[in-house]
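*Asks:* The structure is given below, and queries will be raised subsequently.
The values are calculated or read from the model by the stated rules, or taken from the named source; none is laboratory data. This structure is a prediction, so every number in the text was calculated from the model and none was measured. Please note: Cβ atoms are built from the backbone with ideal geometry, for glycine as well, and neighbour counts cover all protein chains shown. Calculation scope for accessible area: heavy atoms of the full protein, side chains included, ligands and nucleic acids excluded. Shrake-Rupley method; radii C 1.70, N 1.55, O 1.52, S 1.80 Å.
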Amino acid sequence: MHESSGYRTTITRGLRSAAHAAFWQTPHTYIPESGESFDAVRERILSFLERLADHEEDENILIVTHGIFLNILLTHLQCKPLATLWDPPFIHGTSLTIVEYRDGEAVIRLEADMSHVIAD
């Protein structure tokens with residue numbers, strides 16, 4: 001029984017390590033054990049963007065979110081594949097990103113800026 005238990009633990013650790021590696025190294029292949037895949041999050045973001053399109057163009061909208069959402073949003077806006085999800089710049093907590101949306105086009109004006117917390 002002990003060997004079997006240890007074997008299962010080793011297999012489980014190996015699977016978790018493989019999933020962890022896929023999450024960071026090949027995000028386009030990552031399949032979560034539970035929760036949303038990156039593709040599912042992207043679909044939710046696209047639905048969110050469609051709802052935002054109903055707002056007036058001169059209206060400012062503040063979106064406060066987490067890094068994965070923001071990385072997937074920026075990847076989509078830049079027409080990059082999910083394989084590049086973790087490419088620089090790194091989205092730190094409290095970083096600022098400004099996206100201007102005019103005439104159906106999104107322009108990233110500021111990305112992953114940390115100047116408000118990093119002293120010169």
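*Asks:* For segment 47-69, how many residues meet the condition of being open to solvent by less than 60 Å² (accessible area, probe 1.4 Å), under 18 Å from LEU110 (Cα atoms) and of a type in the set (A, V, I, L, M)?
*Replies:* Qualifying residue count, segment 47-69: 1.
*Asks:* Here's another thing I want to ask about it. Checking SER95 against (1) farther than 16 Å from VAL41 by Cα; (2) open to solvent by 60 Å² or more (accessible area, probe 1.4 Å), which test does it fail?
*Replies:* Condition (2) is where SER95 drops out.
*Asks:* Further, regarding this structure: Which condition number in (1) over 12 Å from the mean Cα position of the chain (by Cα); (2) of a type in the set (A, V, I, L, M, F, W, C); (3) open to solvent by less than 70 Å² (accessible area, probe 1.4 Å) is the one that ILE72 fails?
*Replies:* Condition (1) is where ILE72 drops out.
*Asks:* Quick one: in segment 75-94, of everything that is out of contact with any His (no Cβ under 7 Å at 6 or more places or on another chain) and touching a residue at least 40 places away in the same chain (Cβ under 8 Å), which residue is nearest to ALA106 (Cα to Cα)?
*Replies:* Within segment 75-94, the match that is nearest to ALA106 (Cα to Cα) is LEU85.
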